[in-house]
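The values are calculated or read from the model by the stated rules, or taken from the named source; none is laboratory data. For clarity, every value in this text was computed on a predicted model and none was experimentally measured. Quick reminder, even Gly has a Cβ in these numbers, built from the backbone with ideal geometry, and neighbours come from all protein chains shown. What goes into the accessible areas is simple: the full protein's heavy atoms, side chains included, and nothing from ligands, DNA or RNA. Shrake-Rupley method; radii C 1.70, N 1.55, O 1.52, S 1.80 Å.
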Amino acid sequence: MAKQTATPNPNQTSANERLKQRDLNVLWHPCTQMKDHEHYPLIPIERGDGVWLQDFDGNRYIDAISSWWVNIFGHANPAINAALSNQADTLEHVIFAGFSHEPGIRLAERLVEITPPGLNRVFYGDNGSSAVEIALKMSFHFWKNSGRTKKTEFVNLANSYHGETLGALAVGDVPLYKETYEPLLLKPRTVASPDCFYRDQDETWESYSLRQFDHMKSELEQHHETIAAVVIEPLIQCAGHMRMYHPVYLTKLRELCTQLDVHLIADEIAVGFGRTGTMFGCEQADISPDFICVGKGLTAGYLPLSAVLTTDQMYDAFYDDYETLRAFLHSHSYTGNPLACAVGNATLDLFESLDTIENNKSLASVMSDSFAHLNDHPNVAEVRQTGMVLAVEMIADKQTRSPYPWQERRGLKVYMHGLENECLLRPLGNVVYIMPPYVISPEQIKHLAKIATEGIEIATK
Ligand code: PMP
């Protein structure tokens with residue numbers, strides 16, 4: 001295939017176009033079929049301000065998806081900028097083995113405070129996937145250190161997603177990302193999801209999620225001797241098309257895991273920090289997992305940082321004389337980066353000073369009201385919402401619930417319509433969703449709803 005090299009005449013092309021050409025000459029973007037950019041725009045962003053992103057030609061876009069669910073308090077937030085700049089003047093980074101620093105300690109103390117009870121130990125990673133890898137390795141290693149060497153398997157949910165590195169990819173279940181690499185991956189035991197999209201017409205979320213729990217129950221009852229952990233995204237399977245379920249599933253799962261000596265890994269990388277309406281999704285089920293993985297919103301969309309929190313019991317199983325070789329020797333160069341930790345602390349400060357979780361309740365109800373009319377659309381299967389995440393599922397036939405073939409890429413039409421109307425909406429297949437920064441205004445939410453509705457109209461014609 002011809003390389004996409006080009007030498008545009010700088011006098012004739014826009015600033016966007018010039019950057020796009022330079023980009024396409026050297027870059028390879030994530031989650032992208034690069035050939036798409038022969039037809040679809042690549043948008044270089046010059047600056048951000050609150051919910052707005054602005055390109056080099058002066059066009060602007062509301063970041064309705066928080067730049068892959070990371071941004072919480074808007075772009076170029078003054079309070080976070082100040083914290084970052086202060087930290088950069090003091091200490092940018094230091095090896096985190098044998099050395100430590102105050103922002104990392106303080107952030108860990110605060111994470112212990114705000115996560116569900118019993119999660120008293122913090123191990124930092126530098127992105128979501130690495131947090132999942134850490135939790136999987138720690139769980140397996142705990143059992144090994146405890147003499148339970150048969151516990152080598154993991155259970156996951158159908159339609160789950162936990163990241164893209166090989167271990168994290170293996171415990172996910174979205175074929176689009178996973179299928180190609182199947183020969184390289186460890187094999188989890190995959191159990192039917194509590195995803196309420198498939199409930200009977202008049203069935204409640206609670207009843208359906210409860211019913212689906214039978215699959216998990218029988219899998220764990222049969223195989224708990226060889227299972228190290230169940231890994232799960234609390235309440236929303238985000239990359240799995242924003243499918244949602246009832247907290248009762250987590251409550252039941254916690255009970256069963258405790259009963260059968262299986263760890264529970266809650267992957268709150270996408271849903272943590274208020275996305276589900278509470279600080280963490282686990283709170284709605286009133287449970288403490290054995291591991292909680294956090295990332296993304298931890299630094300409000302500024303810098304890569306993740307953390308795995310676990311229990312004293314887990315920590316104690318590794319704590320021994322060096323010669324016993326029971327230590328957890330996992331490491332990443334940027335573990336606990338001070339800049340990222342300072343930003344994490346500034347993020348938590350904002351949660352407190354802005355009373356974010358409380359204020360989000362009224363934003364969530366504006367989201368709900370603004371999109372409710374789409375329930376009546378002939379090609380919308382449902383509008384679903386959990387807290388600050390709202391999703392609209394487009395469907396070919398509402399009666400039979402048959403989906404549009406993925407090859408038709410209908411979501412892309414919504415994406416394009418969004419770009420033309422100041423919105424960055426990036427549907428997941430046929431699912432249009434918003435997961436905005438918490439500094440969005442009611443008017444901006446209404447604008448997103450209007451443009452999403454028009455986009456859905458165009459896409460379903
Ligand atoms: N777990 C979940 C639930 C996620 O949504 C994601 C990212 N979308 C990850 C893990 C991986 O995080 P990262 O992209 O930072 O590696």
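Using only Cα atoms, locate the centre of the range 18-49 and the centre of the range 332-393, then give the distance between them in Å, rounded to an integer. Answer, in whole Å: 27. At q = 0.12, 0.16 Å⁻¹, what log₁₀ I(q)/I(0) does the range 81-353 have when each alpha carbon counts as one equal point scatterer in the Debye sum? The Cα Debye sum returns log10 ratios of -0.72, -1.25. If you look at the Cα atoms of the chain, you get an Rg and a Dmax of 22.5, 70 Å. Each residue of the range 165-174 was assigned a 3J(HN,Hα) from its phi angle through the Karplus expression (A = 6.51, B = -1.76, C = 1.60, θ = phi - 60°), giving 5, 4, x, 5, 5, 4, 8, x, 8, 9 Hz with x at Gly and Pro. When each of the peptides 287-294, 425-432, 159-166 is scored by the mean number of other C-beta atoms lying within 10 Å of its residues, the order from highest to lowest reads 287-294, 425-432, 159-166. Once the Cβ-Cβ distance of residue 446 and residue 327 is raised to the sixth power relative to R0 = 51 Å, the FRET efficiency obtained is 0.40. Given H placed on each backbone N at 1.01 Å, which residues far from residue 158 in sequence or on other chains put an amide H within less than 5 Å of it? So residue 158 has HN proximity to 191, 192, 193. As a calculated quantity, the FRET efficiency between residue 178 and residue 225 at R0 = 25 Å, using C-beta atoms, amounts to about 0.40. Extending 7 Å from the Cα toward the beta-carbon at both residue 400 and residue 355 defines two label points whose distance is 5.2 nm. Taking 7 Å steps out from each Cα toward its Cβ at residue 201 and residue 27 produces label points 4.9 nm apart. Segment residue 106..residue 81, full-extension length gain: 7.2 nm, with 0.36 nm per residue of separation and the alpha-carbon distance subtracted. Here the accessible area is traced with a 1.4 Å probe on the protein chains. For the chain, carbon and sulfur cover 53 percent of it.
A straight line joining the Cα centroids of the range 406-432 and the range 285-327 runs 36 Å.
Summing charges over all other residues whose Cβ lies under 15 Å from the Cβ of residue 215, with Lys and Arg as +1 and Asp and Glu as -1, gives 0.
In sequence order, the range 440-450 has phi-based couplings of 5, 9, x, 5, 5, 4, 5, 5, 4, 5, 5 Hz under the Karplus curve 6.51 cos²θ - 1.76 cosθ + 1.60, θ = phi - 60°, and Gly or Pro positions carry x.
Only Lys, Arg, Asp and Glu carry charge here, each on its Cβ (+1 for the first two, -1 for the last two); on that basis the chain has a dipole of about 940 debye about its Cα centre.
In this structure, the amide hydrogen of residue 380, modeled 1.01 Å from its nitrogen in the peptide plane, lies closer than 5 angstrom to those of 395, counting only residues at least 5 positions away or on a different chain. Model label sites at residue 43 and residue 185, defined 7 Å from Cα along the beta-carbon direction, differ in position by 3.1 nm. For the pair residue 97 and residue 312, a Förster radius of 22 Å applied to the C-beta separation gives a FRET efficiency near 0.55, rounded to the nearest 0.05.
Taking amide H atoms as placed 1.01 Å from N in the peptide plane, the amide H of residue 243 lies under 5 Å from those of 237, each 5 or more residues away in sequence or on another chain.
What the chain shows is 45 Å² of accessible area per residue, with the surface traced by a 1.4 Å probe over protein heavy atoms. A helix-only calculation puts the chain at -11000 deg cm²/dmol for mean residue ellipticity at 222 nm, using -39500 (n - 2.57) for each DSSP H run of at least four residues, averaged over all residues. For the range 220-237, 3J(HN,Hα) computed residue by residue from phi via the Karplus equation (6.51, -1.76, 1.60; θ = phi - 60°) reads 5, 5, 6, 10, 4, 4, 10, 9, 7, 7, 9, 10, 8, 8, x, 6, 9, 8 Hz, glycine and proline entered as x.
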